[in-house]
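The values are calculated or read from the model by the stated rules, or taken from the named source; none is laboratory data. Small disclaimer: the values here were computed from a predicted structure and weren't measured. Cβ atoms come from the backbone with ideal geometry, glycine included; neighbour counts cover every protein chain shown.
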Amino acid sequence: MSNDSPRKEVLHTSIWQENAEPDNPFVASRCYCSGYDVFGDVLPNATWFEYLYLLFKLEKPQSWQAELFEKIAIAIANPGIRSHAVRAAMNAGAGGSTSASALMASLAVGAGSLGGAREVLLCVSRWAKCKQDISVWIDLQNSNQQTEVDSWPEIEHVPGFDPNGVSCSTPVKQLLELCAAYKQAKNTQWLRENRSQLEKSTKMPLTMTGVVSSVMHDIGFTPEQSEMLYLILMLPGAAVHALEQKELGYKKYPFFLDKMTVEYKG
């Protein structure tokens, strides 16, 4: 018997299953996500955030989980023009770069440990470690040292808190209040109740990444899943601002040094 027969390649996944069309093995006739028929069942009945949750967790979310997921997605969909990640996309747009380049620029900047996706991962990891023990939170904040070898530079501030901030911003407090109103969001409720003490301990105000991380932990996402989702969910704002600046052109783009003025034309 010949040993030269082609090897059968097998792709291992518990997320996705496809059945090929009878007349074309390169396209699917049925697609299943964790056993759910995507086009026959999920598409007609599910929301975007129910499906996104299913993709990541391989189970259907409870209604409160899907609602909270959507709330934080709205909160971070456009980090705003003060965000370095959005500014990176705007720079690319004003310079005439491609759409993919603008988004990649935003992802590169928004991936970091200062208001970025890596900070979200670190925050969710702390929730798993500290739970709702204020003394553990304070001890860890005071030491603020990474205990594992990491390819990322050591973070220079307490994750979830703003080293340059003076007080907790209004949008952060609004998001925290809204999400803590869900009775199932026990960790986010605890964060609301202990925010002042944590801010006093760190001498820094709570940030959007801090609130988003507590909600991510409440609805069941791992640190790695939370990091990836944060990168995905922040892109709409980067996209629209890049498109806008591309249309306006570089001559109207304010390459400022130490301050900027926002002019809104509704």
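Taking residue 51 as the residue in question, decide whether it is under 26 Å from residue 213 (Cα atoms), touching a helix residue (DSSP H, G or I) at 6+ places or on another chain (Cβ under 6 Å), surrounded by 13 or more Cβ atoms within 10 Å (Cβ to Cβ) and without any contact (Cβ under 8 Å) to a residue 40 or more places away in the chain.
So residue 51 passes the test.
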Residue that is nearest to residue 232 (Cα to Cα), among those in segment 17-74 that are more than 15 Å from the chain's Cα centre (by Cα) and of a type in the set (Asp, Glu): 50
Residue 132 versus (1) at pLDDT 90 or above; (2) loosely packed, with under 13 Cβ neighbours inside 10 Å; (3) not aliphatic (A, V, I, L, M): which is the lone unmet condition? (2)
Somewhere in segment 212-230, is a residue in contact (Cβ under 8 Å) with a residue 40 or more places away in the chain and under 21 Å from residue 90 (Cβ atoms)? yes
Single residue of segment 166-207 satisfying the filter (small (Gly, Ala, Ser) and more than 22 Å from residue 65 (Cα to Cα)) that is surrounded by the most Cβ atoms within 10 Å (Cβ to Cβ): 201
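So that you can scan it fast, the table gives a plain yes or no per residue for (1) within 21 Å of residue 228 (Cβ to Cβ); (2) in a strand (DSSP E or B); (3) at pLDDT 95 or above:
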{"site": "4", "(1), (2), (3)": "no, no, no"}
{"site": "11", "(1), (2), (3)": "yes, no, no"}
{"site": "18", "(1), (2), (3)": "no, yes, no"}
{"site": "25", "(1), (2), (3)": "no, yes, no"}
{"site": "29", "(1), (2), (3)": "no, yes, no"}
{"site": "52", "(1), (2), (3)": "yes, no, yes"}
{"site": "64", "(1), (2), (3)": "no, no, yes"}
Members of segment 222-248 that are more than 15 Å from residue 74 (Cα to Cα) and touching a Phe, Trp or Tyr at 6+ places or on another chain (Cβ under 7 Å): 225, 245
Among (1) of a type in the set (Ser, Thr, Tyr); (2) at pLDDT below 95; (3) part of a loop (DSSP other than H, G, I, E, B); (4) closer than 20 Å to residue 124 by Cβ - the single one residue 264 does not satisfy: (4)
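Among the listed residues 85, 117, 92, which satisfies the condition of being under 24 Å from residue 238 (Cβ atoms), in contact with a Pro (Cβ under 7 Å, 6 or more places away or on another chain), surrounded by 14 or more Cβ atoms within 10 Å (Cβ to Cβ) and in contact (Cβ under 8 Å) with a residue 24 or more places away in the chain? Full working, then the answer.
Numbers: 117 fails: in contact with a Pro (Cβ under 7 Å, 6 or more places away or on another chain); 92 fails: in contact with a Pro (Cβ under 7 Å, 6 or more places away or on another chain).
After applying the criteria, what remains is 85.
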Please go through segment 211-229 and pick out each residue that is assigned to a helix (DSSP H, G or I), closer than 15 Å to residue 71 by Cβ and either assigned by TED's automatic domain parsing to the domain that holds residue 57 or not hydroxyl-bearing (Ser, Thr, Tyr) (or both). 211, 212, 215, 216, 217, 218, 229
